[in-house]
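Enquirer: Handing you a structure now.
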Amino acid sequence: MMTKAASVQPMEAKRVFLRLLLAIVVLGGVYGGLAIFLGRHVATSTRVDGIAIGGMSPDEATVTLQRVLGTRASRPVHLETPSRTLAIDPGTAGLEVDLEATLSDLSGFTLNPVQLWAHLTGGADQPLRIAVDRPRLTAAVTEAARAVDSPAKEGSITFEGGKATTVVSEAGQAVKISATIDAVTAAWPRQQVVKAVISPIEPTLSADEINRAAREFAVPAMSGPVKVVAGRSTVMLQPVRFAPALSMVSDGNGRLRPSIDAPRLLAVIRAAGSGIERTPVDATVRLVAGAPRVLPAVTGLKIDVQSAPASFLTALTLPGRTASIIMVPVPPKVTTATAKGWGVKEEISTFTTHFPFNPPRTNNIKIAVRTLNNTLVRPGGMFSLNATLGQRTPAKGYQQAPVINAGRLVTDYGGGVSQVSTTTFNAAFFSGVRIEQYTPHSFYISRYPEGREATVSWPAVDQKWTNDTGFGILIKAFVSGNDLTVTFFGTKTWDIEAVKGPRRNMAQPRTIVDGRAGCVPQSPAPGFDVTVTRIFKKNGAQVKTSTFNTHYIPEDNVQCTHAESG
């Protein structure tokens, strides 16, 4: 039988166990609650970028950091360079404070007593984390760098005004973009002023090199005149004259060397001695005392453009300062032998026409004759009367005289030149050249041969022929009294005979009474058609023929009744 004392002892033990268990549960709850509380707060004494946030919840810490850091983060970043300070806007540059990343590791649930104890008693300075948009920051730093980046300035030696002037080289600078970006991201937003990383840019030409070039070449080059000996000519060139042709250029390896502008130097030499060079003269054939003579070719001379610049440069530092220039011969395009081979030696045709008294018309004929005289047509060459005479203008001395226009006589500059054309045409006709283009007068003029005459008018109505004789033709044209003569000299190839056929298709003129001012009276003459045959003979035998058909309209009887006409 169990005693009372024995039954009480197990019950007491059970109660003690329950109380202990309850205490453990309570303590565990308190520990867990503390762990939960501490997990929701930042450790004691924690600071971020110097800002105390210990014991705060993440939300409270966020608010605190935003309040303090917001002002810092909005201020411009000042990039400090040796020459100036550059401002960068953080927002534009892609710089942002990342509070979420900064606070992410500063709170959190744990049951580790060591960690809980550290949370209650400890804490440390924590880094502030930032978000960087590197492409935007790169663009911002690059743009700012443009204000301070500067290339190196190379020194130089110039010769303005005939004096050697030196300019010292200057180093440049460039912002090292990547290194400067790293400096900004390491300092922002704690520091508002960040030193930009600068890389110096050294010039290629050193001061020693510039001084050497000046001492060895530039100063001696400008020390006095240079004697230029070119063939039989000698000229003295003062520094002020040749200095614009000189320069000092870098060879790319840190050395200066002299250079010379050859065309400019040659222009200076030529201007100083106008007789140094001689233009070649082509051989030709001209009338001398009324007869053809071969004028021989003359060989020209010119400065050797290949060696002259180097010779001149060398002379600039020689004691005698003398440049010997090589002269090279320049052959003519037409040699004397070629001109002699043209065979212009005898008269091959001539023709004379008579002109009436009319001072303005005679004036125009004489001007055209002076221009035509001594015209040389080479073998195979084309002759154009309009190309030879050019436009007949008052500036050339031409006056107004009668010309035919639409079947009526009017006045115009150059009237009478058609007589020069007709006379030249007949000389060409009897020389045997190939007639390419000619235009007869619209009505027949009695002082010219029927069917063998040619008018001319600028620019379209022309007289053209090709010299197919195999030799050159020299034209002699002159006026004697009221006679105009055109003679061709060359080598006679053909005996030419002209045969004129009868008039046919006769047409009678009308009578026109004209009371207008400027009316030019006309004498009546019938119109008709006529054919002229040109017969080519050699040694009396006919070789070939060509025909020229001409249609003349009637020359109307024009009676002018205006007071100015009569």
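Enquirer: Sticking with the crude label model, points 7 Å out along Cα→Cβ, report the distance from GLU347 to ALA507 in nm, one decimal please.
Expert: 3.9 nm
Enquirer: Another question about this same structure. Straight-line reach from LYS537: which aspartates and glutamates have Cα under 14 Å away, leaving out those fewer than 8 places along the same chain?
Expert: ASP495, GLU497
Enquirer: Across the stretch 198-239, how large is the tail of the calculated P(r) beyond 12 Å, expressed as a percent of all Cα pairs?
Expert: Looking at the stretch 198-239, the distances longer than 12 Å represent 71 percent of pairs.
Enquirer: Which of ALA323, PRO394, ILE404 sits farthest toward the positive end of the charge dipole of the stretch 323-426, with +1 on the Cβ of Lys and Arg and -1 on the Cβ of Asp and Glu?
Expert: ALA323
Enquirer: Related question: Full-extension gain between THR317 and VAL167, please, as 0.36 nm times their residue separation minus the C-alpha to C-alpha distance.
Expert: 51.8 nm is the gain from fully extending THR317 to VAL167.
Enquirer: Next question. Go through the stretch 216-221 residue by residue and turn each phi into a ³J(HN,Hα) via Karplus (6.51, -1.76, 1.60, θ = phi - 60°); whole Hz please, and just put x for glycine and proline.
Expert: 7, 10, 4, 5, x, 4
Enquirer: How about LYS500: which aspartates and glutamates have a C-alpha closer than 19 Å to its C-alpha, ignoring those fewer than 8 places off in the same chain?
Expert: List returned: GLU450, GLU453, ASP529.
Enquirer: Search the structure for amide H atoms under 5 Å from the amide H of THR439, placed 1.01 Å from N in the peptide plane, and list their residues when 5 or more places away or on another chain.
Expert: Amide H neighbours of THR439: THR455.
Enquirer: In the stretch 518-566, what percent of the accessible surface is made up of carbon and sulfur (1.4 Å probe, ligands and nucleic acids excluded)?
Expert: Carbon with sulfur: 48 percent of the solvent-accessible area.
Enquirer: What ranking of LYS195, LYS302 comes out by heavy-atom accessible area, probe 1.4 Å, highest first?
Expert: Reading off the accessible areas and sorting them downward yields LYS195, LYS302.
Enquirer: I've got another one for you. Amide H neighbours of ILE130 under 5 Å, at least 5 residues apart or on other chains, H built in the peptide plane: list them.
Expert: For ILE130, the qualifying residues are ASP98.
Enquirer: Hey, which of these cross-link pairs are over 29 Å Cα-Cα: LYS333/LYS396; LYS476/LYS544; LYS302/LYS492?
Expert: LYS333/LYS396; LYS302/LYS492
Enquirer: Using a 1.4 angstrom probe, figure out how much accessible area the stretch 161-292 has per residue, in square angstrom, rounded to the nearest whole.
Expert: 52 Å²
Enquirer: Using the Karplus curve 6.51 cos²θ - 1.76 cosθ + 1.60 with θ = phi - 60°, work out ³J(HN,Hα) for each residue of the stretch 474-479 in order, rounded to whole Hz, and write x for Gly and Pro.
Expert: Here the 3J(HN,Hα) series is 10, 9, 10, 9, 7, 10 Hz.
Enquirer: Report the per residue volume, in Å³, of the convex hull enclosing the C-alpha atoms of the stretch 145-196.
Expert: For the stretch 145-196, the hull spanned by Cα atoms encloses 87 Å³ per residue.
Enquirer: Taking 8 Å as the Cα distance limit and 6 or more residues as the minimum spacing, I'd like the relative contact order of the chain as a percentage.
Expert: Computed over the chain, the figure is 9 percent.
Enquirer: Sticking with this one: Would you mind telling me the share, in percent, of accessible area of the stretch 210-356 contributed by carbon and sulfur at probe 1.4 angstrom?
Expert: Accessible surface attributable to carbon and sulfur in the stretch 210-356 totals 54 percent.
Enquirer: Report which label in (i) 34.4, 121; (ii) 32.9, 112; (iii) 55.4, 191 holds the value of Rg and Dmax of the Cα atoms in Å derived from the coordinates of this structure.
Expert: So the structure-derived entry is (iii).
Enquirer: Where does each of 338-351, 305-318 land if you order them by average Cβ count within 10 Å, highest first?
Expert: The packing order, highest mean first, is 338-351, 305-318.
Enquirer: Sticking with this one: Do the sum for the chain: with -39,500 (n - 2.57) for every DSSP H run of n ≥ 4, divided by all residues, what is the mean residue ellipticity at 222 nm, to the nearest 500 deg cm²/dmol?
Expert: -9000 deg cm²/dmol
Enquirer: Give me the accessible area per residue for the stretch 323-450, probe 1.4 Å, as a whole number in Å².
Expert: For the stretch 323-450, the per-residue accessible area is 44 Å².
Enquirer: Measuring from centroid to centroid over Cα atoms, what is the spacing of the stretch 145-169 and the stretch 371-390 in Å?
Expert: 61 Å
Enquirer: With θ taken as phi - 60° and the coefficients 6.51, -1.76 and 1.60, list the Karplus ³J(HN,Hα) couplings across the stretch 383-400 in order, rounded to whole Hz; mark glycine and proline as x.
Expert: With the stated coefficients, the stretch 383-400 comes to 9, 10, 5, 5, 5, 6, 8, x, 5, 8, 10, x, 4, 8, x, 6, 10, 7 Hz.
Enquirer: Give the shape of the stretch 473-566 as rounded, prolate or oblate, defined through the alpha-carbon gyration tensor: a ≥ b ≥ c are the square roots of its eigenvalues, a/c under 1.5 means rounded, and otherwise the shape is prolate if a/b is larger than b/c and oblate if not.
Expert: Oblate.
Enquirer: Something else now. For the peptides 356-368, 486-498, what is the packing order when you average, over each peptide's residues, the other Cβ atoms within 10 Å and list the highest mean first?
Expert: Top of the packing list down: 486-498, 356-368.
Enquirer: Here is a further query. In nanometres, what is the gap between the two model label sites at ASN539 and GLU60, each 7 Å from Cα along Cα-to-Cβ?
Expert: 14.0 nm
The values are calculated or read from the model by the stated rules, or taken from the named source; none is laboratory data. Note that this is a predicted model, so its numbers are computed, not measured. Cβ sites come from the backbone with ideal geometry, for glycine too, and all protein chains shown count toward neighbours. Note: accessible area is taken over every heavy atom of the protein model, side chains too, but ligands, DNA and RNA are not part of it. Shrake-Rupley method; radii C 1.70, N 1.55, O 1.52, S 1.80 Å.
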